Amino acid sequence: MKLDSSIAAVITGGASGLGEASARLLASHGVKVALFDVNETLGEALAAELGGVFCKVDVTSSEQVDAAFAKARAAHGQERILVNCAGIGGGAAKTASRDRQSGEIREYPLENFERIIQVNLIGTFRCITKSAAGMLSLPLLPDGERGAIVNIASVAAEDGQIGQAAYTASKAGVVGMTLTIARDLSGDAIRVNTILPGIFDTPLLQRAPEAVKASLATQVPFPKRLGQAPEFAELALTMITCGYLNGEDVRLDGAIRMQPR
């Protein structure tokens with residue numbers, strides 16, 4: 001796909017972190033960007049800077065997602081690009097555990113599991129199906145394409161750590177549906193790929209003590225540092241512009257393989 005001002009993009013989770021970096025890189029190529037996020041302050045500021053549009057939206061709500069797509073399309077026209085970066089983590093908790101002092105047996109809080117699945121997995125699928133339905137209304141581009149979708153998963157999808165069953169399940173679900181959705185949409189010239197980031201220096205991690213971040217960096221074989229958001233954006237851009245890249249799940253992790261804890 002050739003990028004220019006005739007192309008519109010929607011980036012979920014676009015107000016900060018990996019989504020922000022993706023929006024900045026796409027905008028630098030002339031693409032009209034719409035940012036979907038719950039953080040209105042950051043989102044409005046970034047949209048104004050990039051000449052884009054901000055849509056406050058919780059991806060667990062079909063009504064909010066519909067309204068956000070309507071607002072974005074009214075401003076920029078039907079998007080040909082969707083980058084799904086909206087997601088949440090979750091406090092580490094074992095599936096079941098025993099308190100060493102009291103002997104009390106605890107179960108994992110199911111509402112936490114459901115919330116993470118709703119945002120990371122169902123929210124991603126919700127945005128995919130609504131965006132793809134809109135893309136179907138577009139004519140083919142000169143290169144024969146109609147649209148491109150990039151999702152975010154995590155290396156946790158393959159290397160789930162202790163206490164992260166919910167997060168791992170949500171990200172493994174995104175990986176698991178990538179090829180199927182790519183096949184679903186292949187007859188309509190829409191490509192679908194997914195990135196599995198490793199340990200990235202995102203706003204969430206930036207709140208951690210420097211010693212913690214330094215320790216995490218040493219776990220990366222090479223380069224021995226945290227990933228940077230623009231590196232994620234570069235891979236997302238490649239997935240959008242390389243017409244033969246489809247149905248793939250690509251790790252972006254400095255060759256790290258997460259340990260059990």
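A few remarks follow.
- Translational diffusion of segment 21-111, µm² s⁻¹ [Kirkwood Rh, Cα pairs; Stokes-Einstein; 37 °C; 0.692 mPa s]: 208
- Subset of Lys2/Lys213; Lys130/Lys213; Lys171/Lys213; Lys56/Lys224; Lys94/Lys130 violating a 32 Å alpha-carbon distance limit: Lys2/Lys213; Lys130/Lys213; Lys56/Lys224; Lys94/Lys130
- Segment 213-235 versus segment 146-211: alpha-carbon centroid distance in Å: 16
- Seen against the Cα atoms of the chain and their longest principal axis, helix 17-28 is set at about 20 degrees.
- With the largest listed first and rounded to whole Å, the semi-axes of the equivalent ellipsoid of the chain from the Cα gyration tensor are 32, 20, 18.
- For the chain, the Cβ-based charge dipole about the Cα centre amounts to some 360 debye (Lys, Arg positive; Asp, Glu negative; other atoms uncharged).
- Separation between Cα centres of segment 125-144 and segment 9-57, rounded to whole Å: 20
- Charge dipole (segment 8-249, unit charges on Cβ, about Cα centre) - positive-most of Ser186, Gly147, Leu216: Leu216
- Positive minus negative residues near Glu20 (Lys, Arg vs Asp, Glu; Cβ under 11 Å): -1
- Crossing angle, helix 123-135 versus the chain [Cα axis fit, 0-90 degrees, rounded to tens]: 10
- Each of Lys56, Lys224, Lys171 has some number of other Cβ atoms within 10 Å of its Cβ, and from fewest to most they run Lys224, Lys56, Lys171.
- Antiparallel content of DSSP bridges confined to segment 8-249, in %, to 5: 10
- Helix 40-50 and the longest principal axis of the Cα set of the chain meet at an angle near 40°.
Read-outs throughout are calculated quantities, based only on the coordinates presented, and are distinct from any laboratory measurement. Bear in mind that the values here come from a model prediction, so they are computed numbers and not experimental data. Don't worry about glycine lacking a Cβ; one is built from the backbone with ideal geometry, like all the others, and counts go over all protein chains shown.
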